[in-house]
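The values are calculated or read from the model by the stated rules, or taken from the named source; none is laboratory data. Only a predicted model underlies this, so the values are computations on that prediction, with no experimental measurement involved. Here the Cβ is made from the backbone with ideal geometry for all residues, glycine too, and neighbour counts use every protein chain on show.
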Amino acid sequence: MQTVAEQPSAIRRYYEGLAEGVFRAIRCQACGKHTFPPTGCCEHCGSWKVEPVELSGEGTLLFATHNIFPACHPRFEKIAPYVYGHIRLKEGPIVQAIVLGVQATPADLGRLFERGPVPVTAEALPMDDLPVLAFRIHD
């Protein structure tokens, strides 16, 4: 059995998985809920009895907006302007991420709003340093 010091960090495993297109989380053995991105304990009940799991990558875009320009961090300048939103994952957690498949224009965002919640699929957006979680809208 590995000691705590020998175990890879949850954040490192998250980014390694993301680079491979795998969406890692933890599931609490006490309450059964998922924490994403993964941490050392359950964000819902605080239990340390958690296990690593892979998520489906399926979700529902609840709402979206555009970023400000220039981008809030230099690593995002290449993709600005972009859309980001709140996504409810099939497994339950709600996350914020970049939304692909829609332009950051008032007209496109208005049409997206009128569609209501829409299905999305997770993907890793390659960046110069670390991959970024993004979700693509289903047409």
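In the stretch 84-112, how many are among the β-branched types (Val, Ile, Thr) and within 14 Å of residue 123 (Cβ to Cβ)?
Going through the stretch 84-112 one residue at a time, the tally reaches 4.
Scanning for something among the basic types (Lys, Arg) and either within 18 Å of residue 33 (Cα to Cα) or in contact with a strand residue (DSSP E or B) (Cβ under 7 Å, 6 or more places away or on another chain) (or both), does the stretch 72-80 turn up at least one residue?
No, there is no match, as no residue in the stretch 72-80 is among the basic types (Lys, Arg) and either within 18 Å of residue 33 (Cα to Cα) or in contact with a strand residue (DSSP E or B) (Cβ under 7 Å, 6 or more places away or on another chain) (or both).
Test residue 98 against the criterion of being outside the structural domain of residue 33 (by TED's automatic domain parsing), farther than 13 Å from residue 23 by Cα and touching a Lys or Arg at 6+ places or on another chain (Cβ under 8 Å), and give yes or no.
no
Quick one: is residue 16 more than 16 Å from residue 121 (Cα to Cα), acidic (Asp, Glu) and in contact with a strand residue (DSSP E or B) (Cβ under 8 Å, 6 or more places away or on another chain)?
When the stated conditions are applied, residue 16 does not pass them.
Among what's in the stretch 49-77 and is closer than 20 Å to residue 103 by Cβ and modelled with pLDDT under 85, pick the residue that is surrounded by the most Cβ atoms within 10 Å (Cβ to Cβ).
Result: 76.
Can you pull out the strands (runs of 3 or more DSSP E) entirely within the stretch 1-120 that have at least 1 residues that are of a type in the set (Ser, Thr, Tyr), touching a residue at least 24 places away in the same chain (Cβ under 8 Å) and on the phi < 0 side of the Ramachandran plot?
Qualifying strands (runs of 3 or more DSSP E): 58-66.
Select from the stretch 8-26 the residues that are closer than 16 Å to residue 93 by Cα and touching a Pro at 6+ places or on another chain (Cβ under 8 Å) and list them in ascending order.
Hits for the stretch 8-26 are 14, 24, 25, 26.
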